[in-house]
Amino acid sequence: MKLLAVISLLLVSVCAKQIQVVEEQHTAFDYHAKIGVQDAANIKQQEEANAASRIVGGSAAGLGAYPYQAGLVITLTTGGTSVCGASLVTNNRLVTAAHCWWDGRSQARQFVVVLGSTLLFSGGTRITTTGVTMHGSWNPSSAANDVAMIVISWVNYSNNIRNIALPTNALNQNFAGQWAWASGFGRTRAGIGNNQFLSHVRLQVITNAVCQQTFGWYIIASTICTSGAGGVGTCGGDSGGPLALDWGGQRILIGITSFGSDRGCQVGAPSAFARVTSFVSWIQARL
């Protein structure tokens, strides 16, 4: 009986440890209702008010600094408006997060792709599309395979609109320890209204083992994470946007913004991205 009690206590202890590993819930599931719709309203209000002061801990990016960055103004099937980001990879293809199109509860009807602008609701080149293909294994519950391809009409490259390279020359790299750039139209701090400017922040890539200490089993081989130390990272509205790295003499796309902590953007938790090296073949097959 004592042995059974000891075994039971051990099992409870092991289970408790396993439960404690997953300290955070991810923000990709039900993204539009929880984050995107409110962010869209905040950004639009700020733009219309022309208020000068989304990426947490970041600063405003100049026009042309991230020519591959796209904003997505999303019309949902409910009639609501939400927002995301994307990355231009060819003259008529972009990659974004699958949860921007369908987050497990809300379905998008169309995207307005905004290129060559530091504003989301005005300016730049604006293209409406319904041509979106999600990864066939996208799972809103686990946030696995959070990748989608957007097809748009042809756009010419300029100083403010240009593609970003895929990491075809770095397929075996995990990039841990490297410093990368995240950009987007999301909040610069949690708990405040969005400003209207494209923002950017420098983030350090961490190992998946370190990231698992926060997000547990949500972190898989096809995830890449950055440190949230100092309260920096991606935030609401940045979903689908780029994590980019200067590598081999060019800027390459290494991550697609997927999720963060549901406790907020400034709690020091990592930011999680779809690892682009895991999806290069899928992306190239749809170019």
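A few points about this structure:
- Contact annotation: residue pairs with Cβ atoms under 6 Å, 6 or more positions apart or on different chains, pairing a residue in segment 211-230 that is closer than 13 Å to residue 273 by Cα with a partner that is acidic (Asp, Glu), are 215/24.
- The criterion of being within 24 Å of residue 30 (Cα to Cα) and either out of contact with any strand residue (DSSP E or B) (no Cβ under 6 Å at 6 or more places or on another chain) or modelled with pLDDT of 95 or more (or both) holds for residue 219.
- If the condition is being over 22 Å from residue 67 (Cβ atoms), assigned to a strand (DSSP E or B) and among the basic types (Lys, Arg), then segment 237-282 contributes only 275.
- Among (1) under 19 Å from residue 170 (Cα atoms); (2) surrounded by fewer than 24 Cβ atoms within 10 Å (Cβ to Cβ); (3) within 16 Å of the chain's Cα centre (by Cα); (4) of a type in the set (S, T, N, Q), the one test that residue 226 misses: (2)
- Among the conditions (1) in contact with a strand residue (DSSP E or B) (Cβ under 9 Å, 6 or more places away or on another chain); (2) under 21 Å from residue 253 (Cα atoms); (3) assigned to a loop (DSSP other than H, G, I, E, B), residue 154 misses just one, which is (1).
- The criterion of being within 19 Å of residue 27 (Cα to Cα), crowded, with 19+ Cβ neighbours inside 10 Å and modelled with pLDDT of 85 or more holds for residue 98.
- Flag if residue 263 is under 17 Å from residue 35 (Cβ atoms), surrounded by fewer than 17 Cβ atoms within 10 Å (Cβ to Cβ) and within 17 Å of the chain's Cα centre (by Cα): yes
- Being more than 25 Å from residue 46 (Cα to Cα) and surrounded by fewer than 16 Cβ atoms within 10 Å (Cβ to Cβ) is a property that residue 271 lacks.
- Matching option when the condition is among the hydrophobic types (A, V, I, L, M, F, W, C), modelled with pLDDT of 80 or more and over 22 Å from residue 203 (Cα atoms), among 16, 51, 28, 41: 41
- Members of segment 205-222 found to be touching a Gly at 6+ places or on another chain (Cβ under 9 Å) and within 25 Å of residue 246 (Cβ to Cβ), listed by number: 205, 206, 207
- Check on residue 192, surrounded by fewer than 18 Cβ atoms within 10 Å (Cβ to Cβ) and either among the aliphatic types (A, V, I, L, M) or at pLDDT below 95 (or both): yes
The values are calculated or read from the model by the stated rules, or taken from the named source; none is laboratory data. Quantities reported herein were computed from a predicted structural model and do not represent experimental measurements. In this analysis, Cβ positions are derived from the backbone assuming ideal geometry, glycine residues included, and neighbour counts consider all displayed protein chains.
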